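Here is the structure we will look at, set down as structure tokens.
What follows draws every value from the coordinates through simple rules; no lab data is involved. Source: prediction; values computed, not measured. When we count neighbours, we look across all protein chains shown, and the Cβ atoms used for this are built from the backbone with ideal geometry, even at glycine.
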């Protein structure tokens, strides 16, 4: 049972390039989330999904897009990367809207 | 904006001592959760306390919740060097499918 898997784990981009982070969970969870973590800022919610085909904005959605075409996958896209998007990105999932979160190991993105 | 705020930001203790971290929040909650993050890793769920509970134990962890003061505390007894990590509180509000909102964390260092 892999839990929550994020790919890639590390990536370096140049300003203006695009990329997609993939999150996959094998626990049949309804709810999935993308957070970013920056030094001294804790975790901030980017986008989330309450079920297949749904997405919603979090606290810091600008510059990111997401898709949840399949229940087990939640994709985070950067259309035109900026240095301010240098961060560690965490995906998480949970079964119920009040339950515990299960996190992936993170994806470290550097934008030059 | 951050819902939960942990205090202190950093804590350094000797092995065998107890560690206490506090969390304050702003709005009515369904439950409050504590997570642990080892350096460079994803967050791991430690314990969940519901709004109608006042205290909960799990191994060497003790969590209290005071909804009148909108605060919670996490006590780690007989700390070990392996407890060195960052600890985050997160709240689930009473209103609908809102995601967890995390604080900025307390960095705990346990010195052997």
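A simple spin-label model places the labels of residue A:7 and residue B:67 4.4 nm from each other, with each point 7 Å out along Cα-to-Cβ.
Among A:17, A:85, A:95, the largest mean-square fluctuation in a Gaussian network model of chain A (Cα springs under 10 Å) belongs to A:17.
Of all beta bridges that DSSP places with both ends in chain B, some 90 percent have antiparallel geometry.
Can you tell me the FRET efficiency between residue B:52 and residue B:24 if r is taken as the Cβ-Cβ distance and R0 is 30 Å, rounded to the nearest 0.05? Once rounded, the FRET efficiency stands at 0.95.
What FRET efficiency do you get for residue A:28 and residue B:60 if R0 is 45 Å and r is their Cβ-Cβ distance, rounded to the nearest 0.05? Show your work: numbers first, answer last.
Numbers: r = 32 Å, r/R0 = 0.71.
It comes to 0.90.
Given just the C-alpha atoms of region A:1-99, how large is their convex hull per residue in cubic angstrom?
Values: hull volume 10.0 nm³, N = 99.
Dividing the Cα hull volume of region A:1-99 by its residues yields 101 Å³.
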